[in-house]
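First the structure, in the form of structure tokens, and then the observations on it.
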Amino acid sequence: MYTRFYEFGLSDEVLSAISSMGFEEPTQIQKVAIVPALKGKDIIGLAQTGTGKTAAFGIPIVERSATTGKTKNPYAIVLVPTRELAIQVAQELNRIGENKGVSSVPIYGGQSIERQIKSLKKGVNVVVGTPGRVIDHIQRKTLDLSNISMFILDEADEMLNMGFIDDMERILKEVPKERQTMLFAATMPHEIERLSGKYMHKPEKVCVNAKDLVVTKIKQIFYEVREADKIKALTRLLDVEDTSLTLIFCHTKRDVDDVAGQLRQMGYAAGSIHGDYAQSHRDEVMDKFRKGDLDILVATDVAARGLDIPDVTHVVNFSIPQNSDAYVHRIGRTGRAGRSGIAITLVTPREYRQLRLIEKFAKTTINKAKLPTRDEVIKAREKELFDAIEDTISEGSHSRFSGLIDSLLAKYSPKDIAAAALSLISEDIDVEDIDESDRQHLPSDRNFTKLFMTIGRKDNVKVVDIVKSISAEANIPGRKIGKIAIHDTFSFVEVPANLADKVVGTLNDMMLKGRRIRVQPARERTS
Ligand code: ADP
Ligand code: MG
């Protein structure tokens with residue numbers, strides 16, 4: 001087997017493009033896929049996320065352009081599950097194809113279709129698209145697939161999960177039978193197997209052994225915490241771990257908003273993405289995260305699918321993934337291209353069994369770790385202060401206070417002055433207890449039911465408004481109401497469990513702050 005790019009018989013244009021991208025050696029999947037792909041063989045490439053599958057099909061796409069000649073219509077099409085991936089894959093293809101003059105265009109829902117039609121009209125070599133939008137263009141006859149000689153399904157398993165199977169088949173039927181088909185995935189569900197049997201010609205299956213997976217470079221640990229303590233555990237970890245960018249996964253959109261909102265309230269630079277946000281907002285948040293303006297991104301599985309952000313050092317499963325595939329996909333967001341990464345899973349005692357199942361099916365080991373102690377958190381925060389003071393002194397911007405210091409020194413000792421100044425600026429270093437010994441999984445607020453209300457800060461609603469409406473309308477005294485958390489567009493309120501139905505019954509559909517609100521029991525995070 002060849003182990004260097006130049007041994008593959010690539011053109012100088014592509015070799016120099018690869019080297020300017022900083023790729024020194026091919027990854028495992030590239031070693032096994034590129035040579036047969038260059039020969040025109042159908043390929044099924046099975047490898048974990050982060051193993052370099054894009055270039056594994058991207059290099060052959062660009063190299064094989066000469067054999068088909070340039071035309072107005074594309075000779076290659078890549079289907080991907082999400083718009084973010086369409087953009088990312090098209091970018092990588094454009095870099096590989098730069099010297100050879102092979103151009104790729106991303107086509108996805110959410111972007112103005114007119115703009116896409118314009119760029120398609122100009123002539124394009126490779127289209128990278130999400131299935132829905134590609135079909136849209138086929139129907140409008142703005143995308144002509146009659147010259148397609150290379151067809152690539154990237155993240156085929158994810159497209160299946162997202163319900164694109166019919167769309168994939170539809171597009172496969174639109175392209176010429178005489179073609180090369182390549183399918184890439186991290187897992188091989190039965191439906192994808194069927195698809196490959198039906199639409200591929202004697203495919204060569206190339207897999208990357210589990211022991212070669214980049215995933216092995218990821219340190220995988222879990223912490224056992226009660227549901228109610230998850231946020232506390234999370235912030236404790238964020239404070240102590242040496243993180244660059246942290247990606248946090250939650251199960252539901254609501255959890256995403258909830259976790260991101262709480263983190264922001266506590267002063268962390270956290271953004272969030274999920275399917276309900278406008279595309280432009282998602283782009284903006286992603287961009288800030290990539291640049292490091294946000295340290296933390298909270299996301300649902302769908303929103304973060306396939307994303308390649310090199311500096312993600314930590315992936316946190318705030319909610320346990322639903323199955324081993326989801327686990328593998330999530331943790332593949334860190335440890336990209338051989339970098340090391342840490343994958344943390346927060347597990348309630350009740351979810352312990354599920355964790356073991358994930359371990360078994362993902363053929364991996366997830367070790368239990370102990371949460372940082374209070375002392376460790378305090379030490380970590382003190383170290384941060386220490387570093388910040390050192391930085392300030394070396395920058396010299398503190399000298400403007402020297403007059404004030406002189407007059408203080410006339411009265412107090414330097415130690416007292418410094419300590420007083422520090423306590424003025426630093427948040428109180430108070431670390432709440434996390435009760436790890438409580439294996440019963442009894443929520444502390446078990447007598448309360450948490451309700452979800454579709455009204456929030458943006459509607460100018462205050463705690464007192466919610467208390468008033470509950471006490472007045474449902475006739476429940478304010479002191480019986482538990483915690484109230486107001487977020488941007490929604491709120492949570494805890495009410496005694498035996499009165500929850502009554503509160504929902506009276507408040508749901510009621511007018512509050514000029515809006516008709518909906519009230520319902522909040523979905524359990526662990527479900
Ligand atoms: P996958 O599709 O398998 O999840 P990607 O194609 O997104 O993985 O690649 C993951 C990261 O690795 C990207 O940042 C990519 O630029 C980088 N990469 C790919 N091939 C190589 C290589 N041969 N050497 C170094 N980095 C690479
Ligand atoms: Mg990929």
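Here are some notes:
- Pick from the stretch 10-50, criterion in contact with a helix residue (DSSP H, G or I) (Cβ under 7 Å, 6 or more places away or on another chain) and away from ligand 2 (no atom under 16 Å from the Cβ), ranking: nearest to Arg330 (Cα to Cα): Ile18
- For the stretch 306-313, the count of residues that are away from ligand 2 (no atom under 16 Å from the Cβ) and not aliphatic (A, V, I, L, M) is at least one.
- Looking at Ala362, Ala388, Ala410, just one residue is exposed (fewer than 11 other Cβ atoms within 10 Å of the Cβ) and without any contact (Cβ under 8 Å) to a residue 60 or more places away in the chain, and that residue is Ala410.
- For the stretch 349-384, filtering for residues that are farther than 17 Å from Ile218 by Cα and outside any helix (DSSP H, G or I) leaves 4.
- Selection from the stretch 121-167 of residues that are of a type in the set (S, T, N, Q), more than 24 Å from Leu307 (Cβ to Cβ) and assigned to a loop (DSSP other than H, G, I, E, B): Asn125, Thr142, Ser146, Asn147, Ser149
- Condition check for Thr246: at pLDDT 90 or above and of a type in the set (S, T, N, Q): yes
- Scanning the stretch 87-99 for residues that are within 13 Å of ligand 1 (Cβ to nearest atom), in contact (Cβ under 8 Å) with a residue 40 or more places away in the chain and crowded, with 23+ Cβ neighbours inside 10 Å returns Val89, Ile96.
- For the stretch 30-57, the set of residues classified as at pLDDT 90 or above and of a type in the set (A, V, I, L, M) consists of Val32, Ala33, Ile34, Val35, Ala37, Leu38, Ile43, Ile44, Leu46, Ala55, Ala56, listed by residue number.
- Filtering the stretch 37-52 to residues that are within 6 Å of ligand 1 (Cβ to nearest atom) and of a type outside the set (Gly, Ala, Ser) leaves Thr49, Thr51.
- Residue in the stretch 63-84 that is within 15 Å of ligand 1 (Cβ to nearest atom) and either of a type in the set (Gly, Ala, Ser) or without any contact (Cβ under 8 Å) to a residue 60 or more places away in the chain (or both) present: no
The values are calculated or read from the model by the stated rules, or taken from the named source; none is laboratory data. Note that this is a predicted model, so its numbers are computed, not measured. Note that each Cβ is placed from the backbone with ideal geometry, even for glycine, and that neighbours are counted across all protein chains shown.
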